[in-house]
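What follows is a short report on a single structure.
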Amino acid sequence: ITCWLCVVCGVWWQVYVASVGAGLLRERMSLARECWAHGVSAAFPPQEDPKFKKQLDEALERRVPFMLVVGEEELARREVKVKDMARKEEVSVPRDQVVAELVRRGARVMRGEEEGGWIKALKDGAK
């Protein structure tokens, strides 16, 4: 399970965006796009309905420091679970505060030369 953007650019992921339940690909994509827009590298499984266990295994195998988890209950509450993998902590945060919470917990924000080509590619693609 990989995000093509990360494979192409070789970016180390700060965040793995996962979901519980069916039909949440667009929400995973939206959360990843929000991370990218703020300079936080993220990946998500491109499958429509991946099994949560496989998503968790992928994050653990790649030693991703943070996971975002969304399901039907979180959508209804307009929240996202932020899992700090090293501390083994999980908190629910409002959807519009996800990136701020990641940065508060230590997610690295890429700036300037560190952006490589991936943020530029996203910006160029939006034109």
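Things to note:
- Listed values for the stretch 76-93 are Karplus-derived 3J(HN,Hα) couplings in whole Hz (6.51 cos²θ - 1.76 cosθ + 1.60, θ = phi - 60°), namely 4, 8, 6, 10, 9, 7, 10, 9, 8, 5, 6, 7, 6, 10, 9, 10, 9, 10, and x replaces Gly and Pro.
- Whether the stretch 69-109 is rounded, prolate or oblate, judged on the alpha carbon gyration tensor where a/c under 1.5 counts as rounded: oblate
- A 1.4 Å probe, protein heavy atoms only, puts the accessible area of Glu34 near 50 Å².
- Surface accessible to a 1.4 Å probe, Met67 within the full protein complex, Å²: 0
- Accessible surface, 1.4 Å probe, highest first, among residues Ser19, Ser92, Ser30: Ser92, Ser30, Ser19
The values are calculated or read from the model by the stated rules, or taken from the named source; none is laboratory data. Please read these numbers as outputs of a predicted model, since none were measured by experiment. Quick note on the areas: whole protein, heavy atoms, side chains included, nothing else; ligands and nucleic acids left out. Shrake-Rupley method; radii C 1.70, N 1.55, O 1.52, S 1.80 Å.
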